[in-house]
Amino acid sequence: MNIKTVAKLAGVSVSTVSKIINNYSDISAETRQKVLAIMKETGYIPSNSAKTLATKKSGLIGVVFAGKLNIDFTHPFFVGVLNAFKKQMGLLGYDLLFFSNEKFHSSGEDYLARCRHFQVDGCILLSGQELEPAIHELDSSSIPCIGVDLVLSGTSSGHIMSDNNRMSDKVVEHFYLLGYREIGYLGPSAQYDISSMRENGLVQSLGRWGLPVQPAWFIHGDDFSEESGYAATKALIAGGSLPRALFAGSDHLAIGAIRALREHGLQVPGDVSVIGCDDIEAAGYVSPPLTTIRQNKEKIGKLAALMLYDLINGQMSSSSVVVEPELIVRESCGSCREG
């Protein structure tokens, strides 16, 4: 039993059966009831391929965790974005298909071939680092793609991220209002594009405020993790020159930095004020509670879904969107003048 047999038994076209399966409204009630009755009598259950036969759409969205240094389901920012994306895509009638890359590098498979095999209608690409060439191939294809924290340039692609320049502006302005003039940056190495954007944004913001850029206060670890922030800050302390204020490219980095500072008898914010980025759940519970830049995960995820939907349906061309971040003030950043 298949969709063609159902159409033959009902005396209608395959496209009519497909429209009924996909709940199109331009089918008469009589025809709809007739086809549904035949499907019930024969025990026919529509397959995904049956749904796509006439509509040319599968209702599937591919989810790609991009990069050799990939992210996973433990990442607090991307999980928040993905939850909002999933919810909105579900409301639009789509299911998600996750692509793994564990076998990818040794097998020679590519994302584009797998997307075509599963007939996905579009893809969301969540940024890792050291992007595979296959990511650029997918971006350059006709499959609509939306990147999160990943700049895409294909004619069928778009991308969305927090406004990293505004992040840095908010950080510098807040430090300045509190009396700080000696400001440093803690991030991963240059291979992380997002961290580079935040670091460059900080340099530009310092320049606009007429504040010094001291290279010794711009330190880098291996990644965005707490241990990386801890190790990099210990190296900064050992160098003998500390900024009065430190902007960390992630909350995990900031938490690691606070741990290193306190182990060396330095007070936060008394000796060094710290601002993180992301506003993960732990940020409000560390000691001292962390001042941070909140990324609007819910808005980013929802916008990513709506943008991808519009790309799929030809209602939008290639586009890029930035989302306004928010400064969340807690206790890790105090007044310099009071200190």
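The values are calculated or read from the model by the stated rules, or taken from the named source; none is laboratory data. These numbers were taken from a predicted model, which means no experiment stands behind them. Please note: Cβ atoms are built from the backbone with ideal geometry, for glycine as well, and neighbour counts cover all protein chains shown.
Look at Leu266 and say whether it is under 20 Å from Val203 (Cα atoms), aliphatic (A, V, I, L, M) and more than 24 Å from the chain's Cα centre (by Cα). Quick ask: steps written out before the conclusion?
Numbers: under 20 Å from Val203 (Cα atoms): no; aliphatic (A, V, I, L, M): yes; more than 24 Å from the chain's Cα centre (by Cα): yes.
Spelling it out, it is not the case that Leu266 is under 20 Å from Val203 (Cα atoms), aliphatic (A, V, I, L, M) and more than 24 Å from the chain's Cα centre (by Cα).
Taking (1) assigned to a strand (DSSP E or B); (2) over 22 Å from the mean Cα position of the chain (by Cα) in turn, Gly276 satisfies each apart from (2). Here Val268 passes the criteria (1) surrounded by 15 or more Cβ atoms within 10 Å (Cβ to Cβ); (2) aliphatic (A, V, I, L, M); (3) in contact (Cβ under 8 Å) with a residue 40 or more places away in the chain; (4) outside any loop (DSSP other than H, G, I, E, B) except the one numbered (4). Number of residues in segment 114-134 that are under 17 Å from Met161 (Cβ atoms) and modelled with pLDDT under 80: the value is 4. Residues in segment 136-153 that are in a loop (DSSP other than H, G, I, E, B), in contact with a strand residue (DSSP E or B) (Cβ under 7 Å, 6 or more places away or on another chain) and either over 16 Å from Ala304 (Cα atoms) or among the aliphatic types (A, V, I, L, M) (or both): Ile143, Leu150, Val151, Leu152. Restricting attention to segment 1-41, the residues that are on the phi > 0 side of the Ramachandran plot and either more than 43 Å from the chain's Cα centre (by Cα) or among the β-branched types (Val, Ile, Thr) (or both) add up to 1. Comparison of Ile61, Ile21 shows that the only residue that is modelled with pLDDT of 80 or more and buried (at least 17 other Cβ atoms within 10 Å of the Cβ) is Ile61.
Yes/no per residue for (1) touching a residue at least 24 places away in the same chain (Cβ under 8 Å); (2) assigned to a helix (DSSP H, G or I):
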residue	(1), (2)
Phe175	yes, yes
Gly179	yes, no
Tyr185	yes, no
Arg198	yes, yes
Leu202	yes, yes
Gly207	no, yes
Val213	no, no
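State which residue is surrounded by the fewest Cβ atoms within 10 Å (Cβ to Cβ) when the search covers only segment 72-89 and only residues that are farther than 22 Å from Arg114 by Cβ and free of Cβ contacts under 8 Å to residues at least 40 places away in the same chain. The selected residue is Thr74. Output yes when any residue across segment 220-239 is touching a residue at least 60 places away in the same chain (Cβ under 8 Å), within 24 Å of Asp163 (Cβ to Cβ) and either out of contact with any His (no Cβ under 8 Å at 6 or more places or on another chain) or assigned by TED's automatic domain parsing to the domain that holds Tyr176 (or both), and no when none is. Checked against the condition, which is being touching a residue at least 60 places away in the same chain (Cβ under 8 Å), within 24 Å of Asp163 (Cβ to Cβ) and either out of contact with any His (no Cβ under 8 Å at 6 or more places or on another chain) or assigned by TED's automatic domain parsing to the domain that holds Tyr176 (or both), segment 220-239 yields at least one hit. The numbered conditions (1) closer than 21 Å to Phe224 by Cβ; (2) acidic (Asp, Glu); (3) in contact with a Lys or Arg (Cβ under 9 Å, 6 or more places away or on another chain) are all true for Asp271 except (1).
Return a yes/no flag: does segment 280-297 have any residue that is of a type in the set (A, V, I, L, M, F, W, C), crowded, with 23+ Cβ neighbours inside 10 Å, more than 30 Å from Lys86 (Cα to Cα) and outside the structural domain of Ile124 (by TED's automatic domain parsing). No; the residues of segment 280-297 include none that is of a type in the set (A, V, I, L, M, F, W, C), crowded, with 23+ Cβ neighbours inside 10 Å, more than 30 Å from Lys86 (Cα to Cα) and outside the structural domain of Ile124 (by TED's automatic domain parsing).
Against the conditions (1) at pLDDT 90 or above; (2) out of contact with any Leu (no Cβ under 7 Å at 6 or more places or on another chain); (3) of a type in the set (A, V, I, L, M, F, W, C), Leu69 satisfies every one except (1).
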